[in-house]
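These notes concern the structure reproduced below.
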Amino acid sequence: MESQAIVLIDNGYLAKTLENDFGRTRLDYSAFARELCSIISCDMSKAYLYDAPPINKPTDNAKRRKTYANRMRFFDDIRKTPQFEVKLGRLTEFVDHETGRIVTRQKGVDVMLAVDMIVHTLDPEVEVDNMILIAGDADFEPAVRYSVSRGKNIVLCCSTKYRKNGGKSYSDALMNVSSSFISLDYDLISKCSFVRKKAESLNSYPI
């Protein structure tokens, strides 16, 4: 029997990467998670998606209400995907004192992911040897460092492209403590996109 792996998806990071690097490609999350497991020669035991729904206010205009509805529909679709679990934090608004603009920030999402990583490291009932982390934030470095120190194989999957502001799309500290690395690049994303899968489906019909 092949080794088992879990997939931990920081969807705020993944969605931003898809938008910035791949033109908002529609990703088949199930195919994506299983392809990652295939790369490290593992069977997928479970996949977790961490995110936060948009803020929903009674005073929101039609566009914001539609955005909220579409996002919640996305979460429902992922929940229906076999072996996937969705874990949601929340968004909060605050005023950026430098620009005077109202900005949003996720709360509780990174903590949930880090806690799950530690649980899958220590709890014998859910313990696995391999974890694939789709993220880029340095906040995950302590959890990854600890899990690796306990003998776990933590594979980081992230983009290596630079952001529009010139900064890296991943933390060097996170990269350095991970066991190995999978590039979140065009080949991987295109292989798991709905456009690619639709084309392959159409080409499979006999002529």
Which of the residues spanning the range 82-115 are in contact (Cβ under 8 Å) with a residue 40 or more places away in the chain and either in a helix (DSSP H, G or I) or within 21 Å of Lys16 (Cβ to Cβ) (or both)?
Phe84, Thr104, Gln106, Lys107, Gly108, Val109, Asp110, Met112, Leu113
Could you list, ordered by first residue, the pairs with Cβ atoms under 7 Å in which the first is in the range 1-24 and over 16 Å from Gly136 (Cβ atoms) and in contact (Cβ under 8 Å) with a residue 24 or more places away in the chain and the second is surrounded by fewer than 22 Cβ atoms within 10 Å (Cβ to Cβ) and among the β-branched types (Val, Ile, Thr), at least 6 apart or interchain?
Gln4/Val128; Ala5/Ile40; Ala5/Val128; Ile6/Val128
(1) touching a strand residue (DSSP E or B) at 6+ places or on another chain (Cβ under 7 Å); (2) among the hydroxyl-bearing types (Ser, Thr, Tyr); (3) modelled with pLDDT under 95: which one isn't true of Ser190, the others all being true?
(1)
What number of residues within the range 26-43 are surrounded by 12 or more Cβ atoms within 10 Å (Cβ to Cβ) and either in contact with a Pro (Cβ under 8 Å, 6 or more places away or on another chain) or among the polar types (S, T, N, Q) (or both)?
2
Going by the structure shown, is Arg105 surrounded by fewer than 16 Cβ atoms within 10 Å (Cβ to Cβ), touching a helix residue (DSSP H, G or I) at 6+ places or on another chain (Cβ under 6 Å) and either at pLDDT below 95 or among the aromatic types (Phe, Trp, Tyr) (or both)?
no
Being assigned to a helix (DSSP H, G or I), surrounded by fewer than 19 Cβ atoms within 10 Å (Cβ to Cβ) and without any contact (Cβ under 8 Å) to a residue 60 or more places away in the chain narrows it down to one of Lys57, Lys46, Lys63, so name that one.
Lys63
Out of all the residues in the range 66-80, which are in contact (Cβ under 8 Å) with a residue 12 or more places away in the chain and either acidic (Asp, Glu) or touching a strand residue (DSSP E or B) at 6+ places or on another chain (Cβ under 8 Å) (or both)?
Phe75, Ile78
I need the full set of residues from the range 90-110 which are under 16 Å from the mean Cα position of the chain (by Cα) and on the phi > 0 side of the Ramachandran plot, in order please.
Gly108
Do you know which residues across the range 127-164 are assigned to a loop (DSSP other than H, G, I, E, B) and touching a His at 6+ places or on another chain (Cβ under 9 Å)?
Glu127, Val128, Lys152
How about the range 114-127: which of its residues are touching a helix residue (DSSP H, G or I) at 6+ places or on another chain (Cβ under 7 Å) and modelled with pLDDT of 95 or more?
Ala114, Met117, Ile118, Thr121
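The values are calculated or read from the model by the stated rules, or taken from the named source; none is laboratory data. The structure presented is a predicted model; accordingly, all values stated were derived computationally and were not measured. Cβ: placed from backbone, ideal geometry, glycine included. Neighbour counts: every protein chain shown.
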